[in-house]
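J.: Structure in structure tokens, see below.
The values are calculated or read from the model by the stated rules, or taken from the named source; none is laboratory data. These numbers were taken from a predicted model, which means no experiment stands behind them. Neighbour counts run over all protein chains shown; Cβ positions are idealised from the backbone, glycine included.
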Amino acid sequence: MKVLFLDIDGVLNSTRSVLAKVGRLTSESQDDAVNVLKGRFAIEDELPYGPSFTCLSIDQVAVGLVCRLLRKDADLRIVLSSTHRTHFCGDRYDGIQFGSVSHLYALNTYLAALGLPGDKLIDVTDRLHIPRGKEVKVWLDRHPEITHHCALDDGADFEPEDCNFVRTDPNIGLSDKNYFELCRHLDINESTIIF
């Protein structure tokens, strides 16, 4: 199995997408994403700030690049390493336990609302309150069956001994250069000549 450790802020959205989208009238699809999440979690008032802001600022090009990776390799799965992994659990959500089947189902619903396939998330990294790269390494150490992996993040708290890592620029999010780096780490055959 291959795993993409996925961050969200600075990867699937960016300073660029926030400037372009937040504060303007939302598109119908973004309204739909917010409504899907509100319906799924029976939220009658406002969706919590984090997921709502992400729905409004998501960069569909970045999402499309992740979707392309997932289409190119049916063996690729997502492990959420983003702080968004803590959404939709705890007392506000009927006491759903972090990392439980119910929590993963909720997060898959969230990722689907953002435009990613709703069945590719298999796990979340543990909240260990250590650098994110070390959290990824702990997860990898428990899963020796993983053949290829790469963490995609805009943070700087990754070391080469932790894991394979592609760092995005938070001002632009996931770029074409990042995409091709991911293909190399994940052993996904992709032509660098697209058109």
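J.: Any residue at all in region 63-71 that is out of contact with any Cys (no Cβ under 8 Å at 6 or more places or on another chain), modelled with pLDDT of 90 or more, of a type in the set (Val, Ile, Thr) and surrounded by 16 or more Cβ atoms within 10 Å (Cβ to Cβ)? It would help to see each step written out before you state the result.
T.: Filtering region 63-71 down to residues out of contact with any Cys (no Cβ under 8 Å at 6 or more places or on another chain) leaves 63-68, 70-71.
Within this subset, residues satisfying the condition of being modelled with pLDDT of 90 or more are 63-68, 70-71.
Then drop every residue that is not of a type in the set (Val, Ile, Thr), which leaves 63, 66.
Of the ones still in play, those that are also surrounded by 16 or more Cβ atoms within 10 Å (Cβ to Cβ) are 63, 66.
Yes, some residue in region 63-71 is out of contact with any Cys (no Cβ under 8 Å at 6 or more places or on another chain), modelled with pLDDT of 90 or more, of a type in the set (Val, Ile, Thr) and surrounded by 16 or more Cβ atoms within 10 Å (Cβ to Cβ).
J.: I've got another one for you. What are the residues in region 136-168 that are charged (D, E, K, R) and surrounded by fewer than 16 Cβ atoms within 10 Å (Cβ to Cβ), if any? First the steps, then the outcome.
T.: Of all residues in region 136-168, those charged (D, E, K, R) come to 137, 141-142, 145, 153-154, 157, 159, 161-162, 167.
Residues satisfying the conditions are ASP141, ARG142, GLU145, ASP157, GLU159, GLU161.
J.: Are there any pairs, at least 6 apart or on different chains, whose C-beta atoms fall under 9 Å, with the first in region 139-157 and modelled with pLDDT under 95 and the second exposed (fewer than 14 other Cβ atoms within 10 Å of the Cβ) and not in a strand (DSSP E or B), and if so, which?
T.: Going by the 9 Å Cβ cut-off, the qualifying pairs are ASP157/ILE130.
J.: Still on this model: How about region 73-102: which of its residues are in contact (Cβ under 8 Å) with a residue 60 or more places away in the chain and either outside any loop (DSSP other than H, G, I, E, B) or surrounded by 20 or more Cβ atoms within 10 Å (Cβ to Cβ) (or both)? Even if it seems obvious, please write down each step before you answer.
T.: If we filter region 73-102 for residues that are in contact (Cβ under 8 Å) with a residue 60 or more places away in the chain, which is where we start, we get 73, 75-84.
If the condition is that a residue be in contact (Cβ under 8 Å) with a residue 60 or more places away in the chain and either outside any loop (DSSP other than H, G, I, E, B) or surrounded by 20 or more Cβ atoms within 10 Å (Cβ to Cβ) (or both), then LEU76, ARG77, ILE78, VAL79, LEU80, SER81, SER82, THR83, HIS84 are the ones that fit.
J.: Something else now. Anything in region 138-187 that is over 14 Å from the mean Cα position of the chain (by Cα) and of a type in the set (Gly, Ala, Ser)? List them, or say none.
T.: Within region 138-187, ALA156, SER175 meet the criteria.
J.: LEU116 is checked against (1) within 19 Å of PRO51 (Cβ to Cβ); (2) without any contact (Cβ under 8 Å) to a residue 40 or more places away in the chain; (3) among the hydrophobic types (A, V, I, L, M, F, W, C) and fails just one. What number does that condition carry?
T.: With (1) within 19 Å of PRO51 (Cβ to Cβ); (2) without any contact (Cβ under 8 Å) to a residue 40 or more places away in the chain; (3) among the hydrophobic types (A, V, I, L, M, F, W, C) applied to LEU116, the lone miss is (2).
J.: Could you grab me the full set of residues in region 103-135 that are surrounded by 21 or more Cβ atoms within 10 Å (Cβ to Cβ) and in a helix (DSSP H, G or I)?
T.: LEU107, TYR110, LEU111, ALA113, LEU114, ARG132, GLY133, GLU135
J.: What single numbered condition from (1) closer than 18 Å to GLY50 by Cα; (2) within 16 Å of the chain's Cα centre (by Cα); (3) modelled with pLDDT of 95 or more fails to hold for PHE98?
T.: Condition (2) is where PHE98 drops out.
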